[in-house]
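Chemist: Before we start, here is the structure in question, set down as structure tokens.
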Amino acid sequence: SLVDRAYNFSRHAHGAQKRVSGEPYFTHVTAVAQNLLDWEMDEATIAAGLLHDTVEDTNVSLDEIKKEFGEEVTFLVNGVTKLGKIKYRGEESQAETMRKMILAMAEDLRVVLIKLADRRHNMQTLKVLPPLKQKRIAQETMEIYSPIAYRLGMQKLSGELEDMAFPYLYPNEYRWLIENVADRYDQREKYLKKLQ
């Protein structure tokens, strides 16, 4: 199948490449594809999810992707590559403009969904990056990607992205929340069971 071919192609292209965490890079693209599968996306989108970093991070060209996977997958991979070049510099006044620009540039909503799947996994593995980079990525997630997910009707994903960004943006508040909620959580859990 298309997905099977993309899986093998991507695995070969990324080869022994590692993430900052030391994990094989291929674990990232499979996690992105799994997110897309969980969201019940079509085969071309899942294949593009598997291939989304090949042009940017390996020696594979767009022409090779086109030759192996056709126009549709190439279009999606190219769209994600272009979105990856847009960087948010932390100015709240520009956040709305950037959100609109991402949606306009994508041309196909599936490109945005691949980018959201990519961002979700990057947030899940953010702890291995240097603190300044963690904060920049968390801020971009909170101000750009979470609102985009919300506007697309993906409220659960939007909330999840905000929850993952919160500890990096507000570490003191996060610690306070964990300390205070943890103490009362058991009590409330018991109360709810009794009520039930």
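Chemist: I'd like the FRET efficiency for residue 86 and residue 156, computed as 1/(1 + (r/R0)^6) with the beta carbon distance as r and R0 of 22 Å, rounded to 0.05.
Modeler: The computed FRET efficiency comes out at 0.35.
Chemist: Which distance in nm do the two modelled labels at residue 104 and residue 169 give, with both placed 7 Å along the Cα-to-Cβ direction?
Modeler: 2.4 nm
Chemist: Would you list the membrane-span-like helices of the chain, meaning whole DSSP H runs whose alpha-carbon atoms span at least 15 Å along their axis and whose mean Kyte-Doolittle value is at least 0.5? Working shown, then result.
Modeler: Working: long enough: 2-14 (18 Å, -0.78); 26-38 (18 Å, 0.56); 62-84 (23 Å, -0.05); 92-106 (22 Å, -0.07); 109-124 (23 Å, -0.19); 155-169 (21 Å, -0.27); 171-195 (34 Å, -1.51).
Qualifying helices: 26-38.
Chemist: Full extension from residue 196 to residue 43: what is 0.36 nm times the residue separation minus their Cα-Cα distance, to one decimal in nm?
Modeler: Details: separation 153, 0.36 × 153 = 55.08 nm, distance 4.34 nm.
Length difference between fully extended and current span is 50.7 nm.
Chemist: What is the distance in Å between the Cα centres of the range 16-79 and the range 149-196?
Modeler: Each part's Cα centre sits 32 Å from the other's.
Chemist: For Kirkwood radius over Cα pairs in Å, which listed value, (i) 17.3; (ii) 20.8; (iii) 18.1, comes from the coordinates shown?
Modeler: Among (i) 17.3; (ii) 20.8; (iii) 18.1, the one calculated here is (iii).
Chemist: If you roll a 1.4 Å probe over the heavy atoms of the protein chains, what accessible area per residue do you get for the range 151-191, in Å²? Present the calculation step by step, with values, prior to reporting the outcome.
Modeler: Details: 3250 Å² over 41 residues.
Computed with neighbouring chains in place, this is 79 Å² per residue.
Chemist: Compute the relative contact order of the chain as a whole-number percentage, counting only Cα pairs closer than 8 Å that sit 6 or more residues apart in sequence.
Modeler: About 16 percent, as a whole number.
Chemist: If you don't mind, there's one more thing I want to ask. Using only the C-alpha atoms of the range 85-195, find the volume of their convex hull and express it per residue in Å³.
Modeler: 136 Å³
Chemist: To continue, here is another question. Contact order normalised by length for the range 50-153, with contacts defined as Cα pairs under 8 Å and 6 or more residues apart; what percent is it?
Modeler: 25 percent
Chemist: Are there trypsin sites (Lys or Arg not before Pro) in the range 19-115 that DSSP marks as loop and that have at most 11 other Cβ atoms within 10 Å, and which are they?
Modeler: Sparse-neighbourhood loop trypsin sites (Lys or Arg not before Pro): 85, 87, 89.
Chemist: Below 8 Å between Cα atoms, with a sequence gap of 6+, how large is the relative contact order for the range 120-196 in percent?
Modeler: Working: 42 pairs, mean separation 20.0, N = 77.
RCO, the range 120-196: 26 percent.
Chemist: Once ligands and nucleic acids are excluded and a 1.4 Å probe is used, how much of residue 41 is accessible, expressed in Å² to the nearest 10?
Modeler: 40 Å²
The values are calculated or read from the model by the stated rules, or taken from the named source; none is laboratory data. Keep in mind that this is a model prediction, so the values were computed, not measured. Note that we place each Cβ from the backbone using ideal geometry, even for glycine, and neighbour counts take in every protein chain shown. Protein only, heavy atoms only, side chains kept; ligands, DNA and RNA dropped before computing areas. Shrake-Rupley method; radii C 1.70, N 1.55, O 1.52, S 1.80 Å.
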